[in-house]
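The values are calculated or read from the model by the stated rules, or taken from the named source; none is laboratory data. Values in this document were obtained by computation on a predicted structure and should not be read as measured data. Methodologically, a virtual Cβ is constructed for each residue, glycine included, from the backbone with ideal geometry; neighbour enumeration extends over all protein chains shown. Surface accessibility is based on the protein's heavy atoms, side chains included, excluding ligands, DNA and RNA. Shrake-Rupley method; radii C 1.70, N 1.55, O 1.52, S 1.80 Å.
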Amino acid sequence: MSQKIVLVEDDDDIREIVLYALHQAGFEALGFASGAGVLVHPVPDLYILDIMLPDEDGLSILKKIRGVSSVPVIMLTAKGSEHDKVKGLDLGADDYIAKPFGVMELISRIKALLRRSGGVQKELALSHGGITIDHAKRQVLASGTPVALTFKEYELLHYLMTNKGIALSRDKIVDVVWGYDFEGESRTVDMHIKSLRQKLGMAGEHIKTLRGVGYKLGE
């Protein structure tokens, strides 16, 4: 069964070109000129959201998606709009690509993100310091209480859990969790770590900061 992608882009030319490329790449793709009605459709395997939209901006749509799902989201941003990139990542976007962009680059980013989202290891459970990951359900518990994480937060916590006690550099975390072709900054990792700690509550204290190096889980 082909994977489904939802594209929200108000520029007719860009939308048609991207949808054509997605279909040629073997994806089932739906395109929308605005955010109206997007969330009433069955949840796709990935969203592509333009930030500048006529009715509701992409960041607002992203926030709504993250309220119900951890499905991967790629944001389309205006070139050089650093504020939008940071805000999007902070709200739970998994990747972003600046306009103008090459369609093949976008397809490559999509495939890499879908590989990572579907390729998590199949351990039945990982547990440390009151934190438990159940891969079968993709569920995280902190002191027995379910915790809602974004896709990237989940991947980051999983990486820390599978390497507990090991110092992980920011660059290594970016390579594994975001992919080697990610063009963001290392502070992206810091923002996600901060969010993870907040959501995990007291259990978040087990994520240790290593000055000048990166992070590790546990002692």
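Structure values in brief
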{"quantity": "Qualifying positions in the range 5-29 - surrounded by fewer than 16 Cβ atoms within 10 Å (Cβ to Cβ) and closer than 17 Å to Pro72 by Cα", "calculated": "Glu28"}
{"quantity": "Every pair of residues 6+ apart whose Cβ atoms lie under 6 Å, when the first sits in the range 195-212 and is touching a residue at least 12 places away in the same chain (Cβ under 8 Å) while the second is in a helix (DSSP H, G or I) and surrounded by fewer than 20 Cβ atoms within 10 Å (Cβ to Cβ)", "calculated": "Gly204/Arg197; Ile207/Arg197"}
{"quantity": "Members of the range 42-55 that are within 20 Å of the chain's Cα centre (by Cα) and open to solvent by 50 Å² or more (accessible area, probe 1.4 Å)", "calculated": "Pro42, Val43, Asp45, Met52"}
{"quantity": "Qualifying positions in the range 137-169 - open to solvent by 40 Å² or more (accessible area, probe 1.4 Å), closer than 24 Å to Leu62 by Cβ and not in a strand (DSSP E or B)", "calculated": "Lys137, Arg138, Ala148"}
{"quantity": "Breaking point among (1) touching a strand residue (DSSP E or B) at 6+ places or on another chain (Cβ under 6 Å); (2) closer than 18 Å to Ser70 by Cα; (3) surrounded by 18 or more Cβ atoms within 10 Å (Cβ to Cβ), for Asp134", "calculated": "(3)"}
